[in-house]
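The values are calculated or read from the model by the stated rules, or taken from the named source; none is laboratory data. A quick note: this is a predicted structure, and the numbers were derived from the prediction, not measured. Here the Cβ positions follow ideal geometry from the backbone for every residue, glycine too, while neighbour counts run over all protein chains shown. With ligands, DNA and RNA removed, areas are computed over all heavy atoms of the protein, side chains included. Shrake-Rupley method; radii C 1.70, N 1.55, O 1.52, S 1.80 Å.
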Amino acid sequence: MFSAAGSAGAQESDKPLFEIGIGGGFGLVPDYPASEQSHVQGAALPFVIYRGDVLRASREGLQGRVYRSDRVTLEISLEGALGSSADDNDAREGMPDIDLLGEIGPGLRINLLRNADRTDRVDLTLPLRGVFSTDLSRVEYRGLVFAPDIAYAKYGLFDRDDRLRISVGPIFATSHLMDYYYQVDPRFARPGRPAYDAEAGYLGSRLQTSLTMPVTDRISVFGAFRGEVFSGSANEDSPLYKRDVNLSVGAGLTFSIYSSASRSTAAEGLLD
């Protein structure tokens with residue numbers, strides 16, 4: 001746990017400015033939102049951490065802080081997600097795969113509550129991101145997603161550097177992204193899978209939690225859980241909409257190979 005002198009800002013300013021490492025993990029995840037089937041997926045990738053005042057890179061993605069005050073942060077962020085094979089999903093058999101996905105765009109983060117030493121806080125986040133897919137040979141635009149959430153975050157649940165995050169919120173998407181998940185073109189129609197034109201609107205709601213715990217100065221482990229509810233979705237009538245609830249679970253570890261001697265001077269928000 002934090003000592004009386006160990007605030008979140010002090011903790012962050014004591015960390016290396018720059019790190020290089022490798023992280024790996026696996027998880028049981030649905031093939032796409034409202035899919036009836038899930039598969040185990042895993043990956044091991046190098047990562048770069050940079051704890052700058054404006055530009056920040058972490059294991060979760062890339063951020064550029066456009067504006068930051070005591071309670072409000074405006075940032076540009078980049079995140080990614082794994083895809084799935086249509087050959088492994090009965091509902092999408094014969095259709096195109098869901099490729100690797102990336103999201104980039106601005107987000108406004110507003111601090112609603114926090115304790116005196118900033119080890120516990122509640123934030124409202126309002127991100128609007130463009131979505132892109134890639135099969136590593138080309139990149140295609142897939143529309144926009146708006147996923148506001150309210151999140152509780154805490155440092156020092158069991159140890160000084162533990163980090164817990166719990167968030168909940170709805171997800172809305174433009175027709176282009178809904179098409180990618182739920183549209184069935186006439187050429188892909190077959191008995192039990194009629195042609196369908198997807199619509200923009202409400203996609204679902206998401207509850208997710210993650211916990212990161214250091215084991216040594218160089219090794220950390222993490223776990224994550226996500227539950228999604230799609231009842232009331234704009235595309236409940238799609239033949240590709242198969243289940244009202246999806247559950248995901250994952251775990252992994254990271255290993256820091258190099259840490260710079262220079263230290264960060266930037267204070268880290270718990271949700272960064």
What are the principal axis extents of the Cα atoms in segment 146-272, in Å, biggest first?
61, 29, 25
Among 227, 253, 239, the residue whose Cα sits farthest towards the positive end of the charge dipole of segment 219-267, when +1 is placed on the Cβ of each Lys and Arg and -1 on the Cβ of each Asp and Glu, is 253
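Tell me the carbon and sulfur percent of the accessible area for segment 129-269, rounded to whole percent, probe radius 1.4 Å.
Working: 4350 of 7280 Å².
Of the solvent-accessible surface of segment 129-269, carbon and sulfur hold 60 percent.
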A chain fully extended from residue 113 to residue 81 at 0.36 nm per residue, minus the present Cα-Cα distance, gains in nm 8.5 nm
Please list 3J(HN,Hα) in residue order for segment 203-214, calculated via the Karplus relation 6.51 cos²θ - 1.76 cosθ + 1.60 where θ = phi - 60°; whole Hz, with x for glycine and proline.
9, x, 10, 10, 10, 9, 9, 9, 9, 10, 9, x
Which parts of segment 241-257 would a label at residue 44 reach, counting a residue when its backbone N lies under 20 Å from a point 7 Å out along Cα-to-Cβ?
250-257
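Could you provide, to the nearest whole Å², the per residue accessible area of segment 141-207 with probe 1.4 Å?
On the way: 3240 Å² over 67 residues.
On a per-residue basis, 48 Å².
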Taking the chain as a Gaussian network, where each spring joins two C-alpha atoms under 10 Å apart, which residue of 79, 140, 236 fluctuates the most?
140
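What value, in deg cm²/dmol to 500, does the helix sum -39500 (n - 2.57) over DSSP H runs of n ≥ 4 give at 222 nm once divided by the residues of the chain?
On the way: 2 runs with 14 residues, N = 272.
That calculation yields -1500 deg cm²/dmol at 222 nm.
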Sequence-separation-based contact order of the chain, relative, with Cα cut under 8 Å and 6+ spacing, percent
23
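Treating only the Cβ atoms of Lys and Arg (+1) and Asp and Glu (-1) as charged, compute the dipole magnitude of the chain about its Cα centre; round to the nearest 20 debye.
Values: 28 positive and 37 negative charges, 160 e Å.
Magnitude of the dipole: close to 760 debye.
Over 15 Å, how big is the tail of the calculated P(r) for segment 100-187, in percent of all Cα pairs? Each step should come with its number before you reach the end.
On the way: 2638 of 3828 pairs.
Summing the P(r) tail past 15 Å for segment 100-187 gives 69 percent.
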Sorting 73, 107, 150 by the position of each Cα along the dipole of the chain (Lys, Arg +1; Asp, Glu -1; all at Cβ), the one nearest the positive end of that ordering is 73
Calculated Rg and Dmax of the chain using C-alpha coordinates, Å
19.8, 66
